[in-house]
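Since every read-out is calculated from the coordinates, none of them should be taken as a lab result. Small disclaimer: the values here were computed from a predicted structure and weren't measured. A quick note on method: Cβ atoms are made from the backbone with ideal geometry, for glycine too, and the neighbour counts reach across all protein chains shown.
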Amino acid sequence: MIKQISHLGLAVKNLEETMDFYRSILGLEPADPIIGGNEGDLRVSLVKVGDATLELIQPLNENSVMAKFLEKRGEGIHHVCFEVDDIDADLERMKSKGLESIGTPKPGAEGMSVFLHPKGTKGVLMELVQKSE
């Protein structure tokens, strides 16, 4: 069962410049960057905005999925992440309704996560996350 929106993932070309924008213009404080992604090919900073979170994502490898996304679509919203109670059960329920996952649940910045293919979600790349305790 979906509990809430966990975060919005934003594709960025330069994480430091983007963090500086959020800090100096918007008055928000991005967290220190971490290395993430399946291959360690992303630099990520989380920005809390009230109860919401923005995930700023910069590719480190020009052949990565995120780099290809930036090349094709430019900077901006990449995905919506929903927090769930039980990622395995929720993913199976969604698959039984015809949705397709991109891979299997893997450890991510907030806990176990998996993406849903946008062809079954009305064109929106969606991520499910079961947050770590």
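Quick check for me: using +1 on Lys/Arg Cβ and -1 on Asp/Glu Cβ, what's the dipole size of the chain about its Cα centre, in debye to the nearest 20?
540 debye
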>> At 1.002 mPa s and 20 °C, plugging the Kirkwood radius over alpha-carbon pairs of region 37-108 into Stokes-Einstein gives what diffusion coefficient in µm²/s?
In response: 149 µm²/s
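Based on other C-beta atoms within 10 Å, arrange 69, 21 from fewest to most.
21, 69
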> For the pair residue 99 and residue 20, how long in nm is the line joining their label points, each one 7 Å along Cα→Cβ?
Replying inline: 3.9 nm
>> Test of understanding: ordering 117, 78 by Cβ neighbours within 10 Å, fewest first, what list do you get?
In response: 117, 78
>> If you restrict to DSSP beta bridges whose two residues both lie in region 2-131, what percentage is antiparallel, to the nearest 5?
In response: 80 percent
> Hey, which lysines would be in cross-link range of residue 13, C-alpha to C-alpha under 28 Å, not counting anything within fewer than 8 residues on its own chain?
Replying inline: 48, 68, 72, 106, 119, 122, 131
> Among 14, 59, 78, which residue has its Cα positioned farthest towards the positive end of the charge dipole of the chain, with +1 placed on the Cβ of Lys and Arg, -1 on the Cβ of Asp and Glu, and the dipole taken about the Cα centre?
Replying inline: 78
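How high is the relative contact order of the chain? Use alpha-carbon pairs under 8 Å, at least six apart in sequence, and give a whole percent.
For the chain, the relative contact order is 26 percent.
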>> Students often forget the sequence filter, so: which aspartates and glutamates lie under 18 Å Cα-Cα from residue 3 once same-chain residues fewer than 8 apart are removed?
In response: 51, 83, 85, 86, 88, 90, 92, 110, 127, 133
